[in-house]
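Undergrad: Dropping a structure here in structure tokens format, bear with me for questions.
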Amino acid sequence: MTTVEEAFLRAFHAAHPAVTARAMAHGRAADGRSSYEILRDRVSGCTRVLDLGCGDGLLLELLGEQGRNAGRALAGLDLSAEELALARRRPGVDRADLRVGRAQQLPFSDGRFDGCVSHMALMLMSDAERVAAELARVLEPGGTLAVVLGGGAAGGEAYERFLRLAVPLFKAAPAEQRIPPLGDRRLRTREGFDAVFGPAGFGPAEWETVRIDLTGPPERIWDCLGGFYDFGPLDPAVTADLRARFEAESAETALPDGRIPCAMNVHIATAVRSGR
């Protein structure tokens, strides 16, 4: 059964396909990897991998490149048919098993995968315990779950400025222009993650917080921050005014080459499916 939250997410991604990849693909951690590449490397030893909330398929493409010589089998699940249409155009992803569906009712057999990844999607899902149970079902004992979760602003740059300007607008919007509550806040902390996934059969999560540098030209910074779900139902005039104010303030902090300093934190959680 589709929830109000899922209906909103489906409509948003139909209107804004590839929004997450556009926002984050260019970001880099201190070691030079993107958050997608970090997640790819967490399942480097897995040969049957599910990407949960796969979006436009960027992570699946990376997984396919990494596992090409080993004959890695890939699958992807997403609420959005529009996102999956983009995924099918990526090199190698057309051979993956791509399906429209819900994480609370995965259309895959028991123990099919030895790895599962999810990039900026798990924390948006309702009924977290059911999602955890389904992931435990489709992962074989010893299988690896690795996820990237939003960790908020990284300190003193454009992200904080954006939040200072945007949050009051989101809160002041009339009820019909506000998004439904999305996901489960517990999944943004190690303790909450373990509270959800431990009873489902996963060991304690390895938890790491990584700073992702998103610094770039003004239009790319807006593509990143302007992709917030809260903008979906907001009056376009309000969004346009916010963008003008944000870009004017951000220009004051521009680097000599015109780029705007910006960063965000992500949490990377890795847990192993316990044996029976």
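Each reported figure results from applying straightforward, stated rules to the coordinates on display, with no laboratory input. Please read these numbers as outputs of a predicted model, since none were measured by experiment. With ideal geometry, Cβ positions are generated from the backbone for all residues, glycine too; neighbour counts draw on all protein chains shown.
Undergrad: Determine if the stretch 34-52 includes at least one residue that is on the phi > 0 side of the Ramachandran plot, surrounded by fewer than 20 Cβ atoms within 10 Å (Cβ to Cβ) and not in a strand (DSSP E or B).
TA: no
Undergrad: Could you check Asp56 against (1) free of Cβ contacts under 8 Å to residues at least 40 places away in the same chain; (2) closer than 19 Å to Gln105 by Cα and say which number it fails?
TA: (2)
Undergrad: Looking at (1) within 17 Å of Gly143 (Cβ to Cβ); (2) without any contact (Cβ under 8 Å) to a residue 24 or more places away in the chain; (3) basic (Lys, Arg), which one does Arg42 not meet, given that it meets all the others?
TA: Single failed check for Arg42: (2).
Undergrad: Could you list, in sequence order, the residues of the stretch 152-185 that are in a loop (DSSP other than H, G, I, E, B), at negative phi, within 20 Å of the chain's Cα centre (by Cα) and not charged (D, E, K, R)?
TA: Across the stretch 152-185, the qualifying residues are Ala154, Ile179, Pro180, Pro181, Leu182.
Undergrad: Now a separate question. Under 7 Å by Cβ, and 6 or more places apart or on different chains, what pairs join a residue from the stretch 149-172 that is farther than 20 Å from Thr189 by Cα with one that is surrounded by fewer than 16 Cβ atoms within 10 Å (Cβ to Cβ) and of a type outside the set (Val, Ile, Thr)?
TA: So the pair list comes out as Arg161/Glu249; Leu165/Arg245.
Undergrad: Being buried (at least 19 other Cβ atoms within 10 Å of the Cβ) and closer than 23 Å to Thr20 by Cα narrows it down to one of Arg161, Arg211, Arg186, Arg178, so name that one.
TA: Arg161
Undergrad: Only one of these is free of Cβ contacts under 8 Å to residues at least 40 places away in the same chain, surrounded by 13 or more Cβ atoms within 10 Å (Cβ to Cβ) and in a strand (DSSP E or B): Leu77, Leu98. Name it.
TA: Going through Leu77, Leu98 in turn, the sole match is Leu77.
Undergrad: Hey, among the residues in the stretch 190-208 that are part of a loop (DSSP other than H, G, I, E, B) and either in contact with a Gly (Cβ under 6 Å, 6 or more places away or on another chain) or in contact (Cβ under 8 Å) with a residue 40 or more places away in the chain (or both), which one's surrounded by the most Cβ atoms within 10 Å (Cβ to Cβ)?
TA: Within the stretch 190-208, the match that is surrounded by the most Cβ atoms within 10 Å (Cβ to Cβ) is Ala205.
Undergrad: Mind checking which residues of the stretch 209-249 are part of a helix (DSSP H, G or I) and farther than 19 Å from Phe170 by Cβ?
TA: Pro218, Glu219, Arg220, Ala248
Undergrad: Right, another one. Quick check on my filter: what residues within the stretch 108-151 are under 15 Å from Leu50 (Cα atoms), in a helix (DSSP H, G or I) and basic (Lys, Arg)?
TA: The answer is Arg137, and nothing else.
Undergrad: Now a separate question. Just to be sure I understand, how many residues within the stretch 15-46 are within 16 Å of the chain's Cα centre (by Cα) and under 20 Å from Ile179 (Cβ atoms)?
TA: Result for the stretch 15-46: 8.
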